[in-house]
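Down below is the structure, laid out as structure tokens.
The values are calculated or read from the model by the stated rules, or taken from the named source; none is laboratory data. Being a predicted model, the structure only gives us computed values, none of them experimental. Every residue, glycine among them, receives a Cβ derived from its backbone with ideal geometry; neighbour counts consider all protein chains shown. The accessibility values were calculated without ligands, DNA or RNA, using every heavy atom of the protein model including side chains. Shrake-Rupley method; radii C 1.70, N 1.55, O 1.52, S 1.80 Å.
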Amino acid sequence: MKRLLLIAILVVVSSDAQDNVRFIYDNGFGARAFSMANNYVALSNDLSAVYWNPAALSFSLAREFQVSFDVSSLNGDSYFSTDQQSSRMNRLKISNAGLMYSFPATQGGLTIAFAYSNPVVFDDISKINVAFKIYPTDVDLDKSFRTSGGLKYLSGGLGIQVAPKIGIGATMSFVYGREDMESTVHWIESQGNLFFDSTEVYGIKGKYTGYDLRLGAFYKDRLVSAGLRFTFPQFARVTEDDNDKTRISDSYNKPLEYEISEKYRAKMYSSYSGAGGISLTLPFLTISAEGRAVFPFSFVFPSEEIPKSSQAGYFKVGGGLGMEFPVPKMPVLVRAGYSIDEIDLHRFVFKYGKNKIAWGDDDFNIDKNRHQISAGVVFFSSSMSLDISYGYSMWEISKNFKYGYNYDGNIKQDYSLHKIMTSLAIRF
């Protein structure tokens, strides 16, 4: 029985150690950008430029109020041994709202914008339920994980033309948000009439406050436009309330229950990132191409020794193509787009007090990077437009686990995200 208990303790500890990796994805800004798979750095001509490329505000010579809503369904299919489990998370939220105001100018353009947005999402789900054997022990494992929340931006942006075809701009955002995470592991081991039963529920409630700064440059003539965006490392202060509830019982002893609650303070950082693109506007078609990159964290922490095995020490890249074309004789535009982006295991890193940053990838592997296909339609008049967009994205990851001394397991997680976004813009 001592060996049984030892294996159980090792498994429970290793299974519930909290990962340094957080799977975070971008919610974006605005239905027009979303319908073109967010390939928008060289085409931003509405309020969403405050996020995608603030320099493009200088060519948006209009006064506009915009509000966007989105509904999404995140699906996670987990595969472990011969078991498959599915879980789902649905959301309905205001994704952004704000005002863009262009000032009359005899030469060039000057536009300011103020916006609320919800561009960074923490949502993640997984679930496994499987039985296997660590000879001579029978094991039943039931594990679920769920986290929700995200980062919200209160942004102020400025775009100004510095030459007839060239604009520059900047956006400064106050960032705030939350994260609610809960991980539950139920582990049962049995040998004949002997058994070990453990249940652990671990939860984190985190709050974030910080800032985001991004700069942009934009070139535009009648047919061609080009854009660049550079984002500085984001910083946020984090407060966490951690709660750990555990119940253990076995064949010989009365059930043991304990609860531990702790508070932590941390600093959260992102790395430098940027995007560049070019668009072509013809009477019958507008097309936009974009490339994106996230810099290694060695640019942010040059004195840190980041292991060569850590994804945090490498560039993560992505890109895509978007297009828009008018429907003849109707005030309607149709859009479509495709993007592919490398999954970033270290979108953010956390530093707790004087502890070193954990650079490990926690045995996660990227099996398929994120692919997104989007489409949309806009109905417009001289003073109003209504955008409706749909997007589907998918990605796959896996994680290796070692149970006890003689069992290796692998959990594969397939994600898919369906999202509908609608934006209403009023120009005056």
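Here are a few things to note about the model shown:
- Estimated FRET transfer efficiency when R0 is 51 angstrom, pair residue 401-residue 105 (beta carbons, to 0.05): 0.25
- Accessible area expressed per residue, the range 349-398, with surrounding protein chains retained (probe 1.4 Å, Å²): 52 Å²
- Given their separation in residues at 0.36 nm each and the Cα-Cα distance between them, residue 242 and residue 154 gain 28.9 nm when the chain is fully extended.
- Carbon and sulfur %, accessible surface of the chain computed with the full protein complex present, 1.4 Å: 61 percent
- Take the Cα of residue 132, go 7 Å toward its beta carbon, and the backbone nitrogen atoms of the range 66-93 under 19 Å from that spot belong to 77-86.
- Per residue, the range 19-125 exposes 33 Å² of solvent-accessible protein surface, assessed with a 1.4 angstrom probe and all protein chains in place.
- The range 50-131: projected area of the alpha-carbon convex hull, averaged over directions, in nm²: 7.0 nm²
- Shape class for the range 300-428: prolate, because the ratio a/c of the largest to smallest gyration tensor axis (alpha-carbon atoms, square roots of eigenvalues) is 1.5 or more and a/b beats b/c.
- Label-point gap, in nm, between residue 263 and residue 73 - each point 7 angstrom along Cα→Cβ: 4.1 nm
- Separation of the residue 304 and residue 252 label points, Cα + 7 Å toward Cβ, nm: 4.5 nm
- For the peptides 239-248, 25-34, 90-99, the ranking by packing is 25-34, 90-99, 239-248, with the highest mean count of neighbouring Cβ atoms within 10 Å listed first.
- 21 Å Cα-Cα reach of residue 220 towards lysines, excluding residues that sit fewer than 8 places from it in its own chain: 165
- In a fully extended conformation the segment linking residue 427 and residue 351 would gain 22.9 nm over its present Cα-Cα distance, using 0.36 nm per residue.
- Lysine pair count for the range 235-393 [Cα-Cα under 25 Å; pairs on different chains or 8 or more apart]: 19
- Distance from the alpha carbon centroid of the range 159-211 to that of the range 229-306 works out to 7 angstrom.
- The range 275-331, accessible area per residue, ligands and nucleic acids excluded (1.4 Å, Å²): 57 Å²
- Protection proxy ranking for 342-355, 377-390, using the average of other Cβ atoms within 10 Å per residue and placing the highest first: 342-355, 377-390.
- Label positions at residue 365 and residue 190, each projected 7 Å from the Cα along the C-beta direction, are separated by 3.3 nm.
- Relative to the longest principal axis of the Cα atoms of the chain, the long axis of helix 2-16 lies at roughly 10 degrees.
- Theoretical ellipticity at 222 nm over the chain - DSSP helices of four or more residues, -39500 (n - 2.57) apiece, nearest 500: -1500 deg cm²/dmol
- The chain, dipole about Cα centre (Lys/Arg Cβ +1, Asp/Glu Cβ -1), debye to the nearest 20: 1400 debye
- FRET E, pair residue 83, residue 315, Förster distance 35 Å, beta-carbon r, rounded to 0.05: 0.45
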